[in-house]
Amino acid sequence: MGIWAPRGTGFPVTIFHVGDSRMYLLSKDANLEPLTRDHSAYQQWIESGKQGSPPPKSYILQALGLSDVAPDIISINVEAGDRFLLCTDGLSNGVGAPEMQQLMSEGASLDTTCERFISLGLARGGTDNLTSVVGSFS
């Protein structure tokens, strides 16, 4: 996943995404919005109406290194005070959106917020890789 943003706010931010890592935006009004969706057979199964048996969540349809990748490209406008979270599925599978929103809204430093996410993921069993990146726009 990549993100490109000019310096400052009020400009569009562009996100390029493949795979099953997630990006969320916490706007300055404390609304948490998922910006990406998983490129997995499981997500495709959900979006197509859940017919038949669910495929494994780990079956990824798009990822870096595959020969035929078409990234999702998303452009959004950000404002001063907006925060984003980039995290692996090891975190998003164990920590729900309400908890993410709460941790992101507490106003702790970016480093402290990342550490809290990782600690929470590990406390929940951390069955997959746990990575979090928290950033803010000013």
Against the definition (of a type in the set (Val, Ile, Thr) and under 30 Å from residue 108 (Cα atoms)), how does residue 74 come out, yes or no? yes
Every listed condition ((1) among the charged types (D, E, K, R); (2) surrounded by fewer than 11 Cβ atoms within 10 Å (Cβ to Cβ); (3) not in a loop (DSSP other than H, G, I, E, B)) holds for residue 33 save (2)
Selection count, region 68-126, where residues are assigned to a loop (DSSP other than H, G, I, E, B) and not basic (Lys, Arg): 20
If you go through region 36-65 one residue at a time, how many are in contact (Cβ under 8 Å) with a residue 40 or more places away in the chain and either among the hydrophobic types (A, V, I, L, M, F, W, C) or not in a loop (DSSP other than H, G, I, E, B) (or both)? 3
Cβ pairs under 6 Å, 6+ apart, first in region 89-104 and among the charged types (D, E, K, R), second surrounded by fewer than 22 Cβ atoms within 10 Å (Cβ to Cβ): 89/128
Answer with yes or no whether residue 80 is touching a residue at least 60 places away in the same chain (Cβ under 8 Å), surrounded by fewer than 19 Cβ atoms within 10 Å (Cβ to Cβ) and either in contact with a helix residue (DSSP H, G or I) (Cβ under 9 Å, 6 or more places away or on another chain) or of a type in the set (A, V, I, L, M) (or both). yes
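From the set of residues in region 101-117 that are aliphatic (A, V, I, L, M) and in contact with a strand residue (DSSP E or B) (Cβ under 6 Å, 6 or more places away or on another chain), which is surrounded by the fewest Cβ atoms within 10 Å (Cβ to Cβ)?
110
Could you tell me whether residue 66 is surrounded by fewer than 14 Cβ atoms within 10 Å (Cβ to Cβ), within 25 Å of residue 14 (Cα to Cα) and either at pLDDT 90 or above or out of contact with any strand residue (DSSP E or B) (no Cβ under 6 Å at 6 or more places or on another chain) (or both)?
yes
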Report yes if some residue within region 54-61 is farther than 18 Å from residue 121 by Cα and crowded, with 18+ Cβ neighbours inside 10 Å; otherwise report no. yes
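The values are calculated or read from the model by the stated rules, or taken from the named source; none is laboratory data. Just so we're clear, the structure is a prediction, and the values are computed from it rather than from any experiment. Positions of Cβ are backbone-derived with ideal geometry, glycine not excepted, and every protein chain shown enters the neighbour counts.
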